[in-house]
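The values are calculated or read from the model by the stated rules, or taken from the named source; none is laboratory data. Every value quoted in this text rests on a predicted model; they were computed, and no experiment measured them. Just the protein is used for accessible areas: all its heavy atoms, side chains included, with ligands, DNA and RNA removed. Shrake-Rupley method; radii C 1.70, N 1.55, O 1.52, S 1.80 Å.
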Amino acid sequence: GFDLIEYDWMPPYGKGKHADFIFTLNETFKGEHNFASTLSITFPNKFDGIQMVKEDLRNGSMFKLPRFAPEDSYQSRLTKTFKQTPGKPFERDFDNGHSYIFRVRSEVQDNKLIRAMYGKIHGDIEFDPAFQKTIDLRFTYYLNPDYTRNLEYDRTRNLFGNLPVLERVDQ
């Protein structure tokens with residue numbers, strides 16, 4: 001599991017306290033140019049999830065993602081693949097036009113969602129199996145810890161609002 005607030009893996013791999021994203025890697029490795037890897041992202045709570053937003057982030061306004069997270073249509077699993085067959089180029093389902101809205105730490109009462117944290121991932125979630133027992137995982141996320149659906153960057157309130165002044169956050 002990965003803790004989005006602590007920005008760390010769960011023990012024994014890190015000092016995280018709450019698993020927001022759960023990453024599972026399934027890999028068949030027959031050689032450097034003959035492998036198939038599948039990375040699944042799941043969530044621990046009933047109403048947690050993720051949804052893709054298809055946008056061309058390279059052209060036009062940089063403010064392509066919605067200002068508020070949607071109330072529904074979150075998927076409980078996201079799967080990404082990366083493979084290669086001998087004599088053929090890599091096959092990956094990464095796309096820079098893909099971004100994501102997510103909901104984590106959902107709280108439920110009487111089987112209904114009462115509140116959750118929302119965030120966004122700019123660009124796709126990418127990984128490289130690196131031919132080892134671990135992977136190189138890359139994604140840029142912003143989390144709003146105030147339990148509202150607001151996704152706008154605001155240094156004073158949310159989405160990395162507690163960073164030191166000298167730290168840089170790309171918007």
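Quick notes
- Qualifying lysines (Cα of each under 24 Å from Cα of K112; at least 8 residues distant if same chain): K46, K120
- Within straight-line cross-link reach of K30, lysines at Cα separation under 26 Å, skipping those fewer than 8 residues along the same chain: K80, K83, K88, K133
- The candidates S37, S76, arranged from most to least accessible area with a 1.4 Å probe in the full protein assembly, appear as S76, S37.
- Accessible area (Å², per residue) of segment 1-138, counting only protein heavy atoms and a probe of 1.4 Å: 60 Å²
- Accessible surface of segment 66-133 [probe 1.4 Å, protein heavy atoms]: carbon and sulfur percent: 43 percent
- The largest-to-smallest principal axis extents of the Cα set in segment 64-140 are 54, 30, 18 Å.
- Normalised contact order of segment 65-125, rounded percent, pairs of Cα under 8 Å and 6 or more residues apart: 30 percent
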